[in-house]
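Reading through the C-alpha cells given below for one structure.
Read the figures in this text as sums done on the coordinates, not as results from a lab. These numbers were taken from a predicted model, which means no experiment stands behind them. Cβ placement follows ideal geometry from the backbone for every residue including glycine, while neighbour counts extend to all protein chains displayed.
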Amino acid sequence: MPEHPAYPVGLRLAGRRVVVIGGGQVAQRRLPALIATGADILLVSPSATPSVEAMADTGELRWEQRPYAEGDLSDAWYVLIASSDTEANTRASAEAERNRTWCVRSDDADAATAWTPATGRSEGVTVAVLTGRDPRRSAGVRDAIVEGLRDGTLAAPRHRTRTPGVALVGGGPGDPELITVRGRRLLAEADVVIADRLGPRDLLDELPPHVEVIDAAKIPYGRYMAQEAINNALIEHAKAGKAVVRLKGGDPFVFGRGMEEAQALAEAGISCTVVPGISSSISVPGAAGIPVTHRGVAHEFTVVSGHVAPDDPRSLVDWPALARLRGTLVLLMAVDKIGAIARTLVDHGKSPATPVALIQEGTTATQRRVDATLETAAEAVREQDVRPPAVIVIGDVVAVGPGSPAAEAGRG
C-alpha cells in the first residue's frame, strides 16, 4: 500500500459492541480506556492477566474463556486483536476486513485497518498523537502536550464551557515549581488574578498581557488591602463574568483566611473552587533539611500561628499545653514574637536548650537557615536580622537533618 497518513477520528463507542481478542499485557493496557468510553466489551481469550480478570469479575466487560472463533466479530463496531496466536489473529483480522469493522492489531500494524494513537487526557481534553511507525515519538509528543496542559505552560483557555467564578489557589511556599498542577492550569486560564505577597510571584510574569493582576499584598507594618476589600474585588470581578484566581501563599486554609473568602463568595452566590497548596509549615522545614517528624525523635508536630504574643488576650493558643508536648512545634508569622514565645515555653517546662531553626524565605533562591535554642532564639533574630517570611521549627528534629549544626560539625 502507498504511504498515506492515517485519518484521525474520535470513536464514540458508548453502548456499542467492541471485541477484544486476547487477555494479555496489551489488552490490560488498552482496556481501561475502552471501558471509559462506555462500550459493550466482549473479551475472547483462553486466559487473562489478573488485572483483566478483575475487570471481568467486576462486570466492566464480558469474558468468554476460549480461543477466537469465526463469527465473534459479528456486529462489532471496533476490534482490538492482541493475542499471542498469530494464526488466530490473522483469521480475526480477515473477518474484520470482510465486515468493514475498524481493527487494530498489536502484532502487525501493517495488517491493521486502524492504529491506536498515543493518548493522554487533561481536564476533559483528549490528546491523541500518531507518528506512523514511531510509537516512542508519539508517546513523547503526547507527554509534552499533556504536561503543558496540566501545568499551564501550554495555554489553552476555555471558551464555550468556561464558567465565571473564583478559584482559591494555594501557591505553595514560594518556589514557583511547587504550585500544584491544577493551580498552575487555573492561573493560565484566569482573566483576573488577585495575588498575595507570599504567593509565587514569578508565575505572574508568565501571564498574558490581557490578564489583570491585583496586588493584595499584606505587608507587615506597611500597606495592606483590607480583607473586606479583597472579598469585594473577588465578587465584583466574578459577577462581571471573569474567571478569577485568588493566588495565596501556602494553602488557602492554613492561616490564609481562605474560608472567609469562600464564605463571602457563597453569600454572593458565586461558585468557588478551592485548590489546596503545599503549606510552608512542612515544606520549608523540609527544604532546609528538617523533617517535622522522625522515627524515635518526634511522633507528632503542631503548627501554630505566632502573630499575637502568648500574653495577648486575643491569643487562642494553649501555650502551657504546647510546652508539655514532646514533638515538633512549627511557628508561622512569629519572628517578632519569638522572644516572648520562647520565654513562655521555658516557663512552662520546655528546656532552654531545645533546638530552634529559623528559616527565612524558604524554598526560594534567598533561603537561609539560622540555628539557635529557645534560650538564644530572640538574640539570634536580632543579630542575624531574621525577617519575615520565616518559619520557626522548635524541637529535637532540628538536630536530625543534614543541615543541622551537629551534622555540619561531624562533616568537619
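The stretch 357-399 and the stretch 289-328 have their alpha-carbon centroids 15 Å apart. Rounded to the nearest 5, what % of DSSP beta bridges with both residues in the chain are antiparallel? Around 35 percent antiparallel, to the nearest 5.
Rank Ile394, Ala342, Gly362 by how far each Cα sits towards the positive end of the charge dipole of the stretch 299-412 (+1 on Lys, Arg Cβ; -1 on Asp, Glu Cβ) and give me just the farthest. Of Ile394, Ala342, Gly362, it is Gly362.
Given a Förster distance of 30 Å, report the FRET efficiency between Ser305 and Asp385 from their Cβ-Cβ distance, rounded to the nearest 0.05.
For R0 = 30 Å, the calculated efficiency reads 0.85.
Only helical runs count toward this figure. For the chain, summing -39,500 (n - 2.57) over DSSP H runs of n ≥ 4 and dividing by all residues gives -8500 deg cm²/dmol at 222 nm.
Taking each pair of different alpha-carbon atoms in the chain once, compute 1/r for the pair, average those values, and report the inverse of that mean as the Kirkwood hydrodynamic radius in Å to one decimal. Could you put the intermediate results ahead of the total?
On the way: mean 1/r = 0.0387 Å⁻¹.
The Cα-based Kirkwood calculation yields 25.8 Å.
Report the gain in length on full extension from Glu236 to His294: 0.36 nm times residue separation, minus Cα-Cα distance, nm rounded to one decimal. Don't jump to the answer; show the numbers that get you there.
On the way: separation 58, 0.36 × 58 = 20.88 nm, distance 4.69 nm.
Gain on stretching Glu236 to His294: 16.2 nm.
Ordering 209-216, 176-183, 6-13, 51-58 by mean Cβ neighbour count within 10 Å, with the highest value first, yields 176-183, 51-58, 209-216, 6-13.
Count the DSSP beta bridges whose two residues both fall in the stretch 165-278, then state the antiparallel fraction as a percent rounded to the nearest 5.
Bridges in the stretch 165-278 that DSSP calls antiparallel: roughly 5 percent.
Computed from Cα positions, the angle between helix 86-99 and the longest principal axis of the chain comes to roughly 80 degrees. Ranked by the mean number of other Cβ atoms within 10 Å of their residues, highest first, the peptides 75-82, 235-242 come out as 75-82, 235-242. By its C-alpha gyration tensor, with a ≥ b ≥ c as the square roots of the eigenvalues, how is the stretch 50-129 shaped: rounded for a/c under 1.5, else prolate for a/b larger than b/c, else oblate? Since a/c reaches 1.5 but b/c is at least a/b, the shape of the stretch 50-129 is classed as oblate.
Could you give the angle, 0 to 90 degrees to the nearest 10, between helix 227-239's Cα long axis and the longest principal axis of the Cα atoms of the chain? Helix 227-239 sits roughly 20 degrees off the main axis of the chain.
Note on the chain: with charges restricted to the Cβ of Lys and Arg (+1) and Asp and Glu (-1), its dipole about the Cα centre is near 340 debye. From most to least packed by mean Cβ count within 10 Å, the peptides 314-320, 334-340, 60-66 give 334-340, 60-66, 314-320. When the charge dipole of the stretch 165-278 is built from unit charges on Cβ atoms (+1 for Lys and Arg, -1 for Asp and Glu) and taken about the Cα centre, the candidate among Gly277, Pro176, Gln263 whose Cα reaches farthest toward its positive end is Gln263. Based on every Cα atom in the stretch 189-326, Rg and the maximum pairwise Cα distance Dmax equal 18.0, 55 Å.
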